[in-house]
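Working notes, structure below.
No lab work stands behind these numbers, since they all come straight from the coordinates. Bear in mind the structure is a predicted one, so any value in this text is a computation, not a measurement. Cβ coordinates were reconstructed from backbone atoms using ideal geometry, including for glycine residues, and neighbour counts include every protein chain displayed.
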Amino acid sequence: MNKKLFNENCRVMLEAKKIDMDMLIQAYANLNAQVGKYAYLKKKYANTGYMNGGNIWEFETAIKKRNVIEDLIKRQFIMETYDIKNSIQDMEIYITKKCCDELVELIKSDDFRVIV
């Protein structure tokens, strides 16, 4: 499956208010990569005169979104954080940031159905 096809399928599922494990794992991997990126930038610019507030905000936002995804995976699929992190090792990330954000918002709305 390619990135475009995955995200088209993701949009259809989100419009139908359905979530599956592939979407959750992809979103977790995407957000985990964002956390790593902004953690690096936050640390890199911590002791410089550069305004670091944007990096800190992005870092904290990505962690909050990742926690939403992680909590749902733990509840619905009974996986531990260690197992989730192992499942994303060397994974190619297909989901876009926009689809990931929409998925998090759908989960927060609590108006969805998990497809097993």
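Every condition in (1) more than 17 Å from the chain's Cα centre (by Cα); (2) of a type in the set (A, V, I, L, M); (3) not in a helix (DSSP H, G or I) is met by Ile19 except one, and the failing one is (1). Looking only at residues of segment 80-98 that are in a loop (DSSP other than H, G, I, E, B) and free of Cβ contacts under 8 Å to residues at least 24 places away in the same chain, we find that the one that is nearest to Ala27 (Cα to Cα) is Glu92. Look at Gln89 and say whether it is in contact with a strand residue (DSSP E or B) (Cβ under 9 Å, 6 or more places away or on another chain) and farther than 20 Å from Asn7 by Cα. In short, no. The single residue among Phe59, Phe77 that is in contact with a Lys or Arg (Cβ under 6 Å, 6 or more places away or on another chain) and touching a residue at least 24 places away in the same chain (Cβ under 8 Å) turns out to be Phe59. Only a single item in (1) within 17 Å of Ile107 (Cβ to Cβ); (2) surrounded by 12 or more Cβ atoms within 10 Å (Cβ to Cβ) is not met by Asp71, and it is number (2).
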